[in-house]
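None of the figures in this text is laboratory data; all of them are computed from the coordinates on show. Since the structure is predicted, the reported quantities are computational estimates derived from the model, not experimental observations.
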Amino acid sequence: MATIATGFLAVWQWDRAHEAGGSFQNLGYALQWPLFGVFTIFLWIRLMRMEGNRHLGEGEPETAAAATHEGSVGDAETAPATRRKRPLVPPPAAPVDAEEDPELAAYNQYLAALNETDRRAS
C-alpha cells in the first residue's frame, strides 16, 4: 500500500515539476518518492525474513529459551550464539594507580566520591 502511494506521489510531483509553477524542488521530490517506495519493499522483505527466522527458531529446546528469559548471567551464556555475541554491560576496567596516571586516578577518586554522596542522599 505504501509503495503504491509513493508511486502516485512521484507521478504527482513529476506533473507539478512540468507545470508553469513547477520547480527543481518538485523534480527532486519526483525522484525521491520512488526511492521511498523501494525502501518500503526492502523493509517488507526484511520483516518477512525475520519472521521466517523466528519460526525456524521455535524448534529450540525449552531450556535455551528459558535461560534467555531468566536473566541470570550464567544461563544466558548457554543461549544460542545468534542472540548476542557480547555482554550488555562491559566488564569493569582495571583500577589505575596514582603512579601510572595521576590525573586519571584523581578523576576516578572524584567520581567515586560523587557516587558515594549520591548513594547517601538516596
*Once fully extended, how much extra length lies between Ala105 and Val38, figured as 0.36 nm per residue of separation less the alpha-carbon to alpha-carbon distance?*
18.8 nm
_Alpha-carbon gyration tensor eigenvalues x 5, square-rooted, for the stretch 2-59, Å_ = 37, 8, 4
*How long is the gain from Leu47 to Ala20 if the chain were fully straight, where each residue apart is worth 0.36 nm and the alpha carbon distance is subtracted?*
5.5 nm
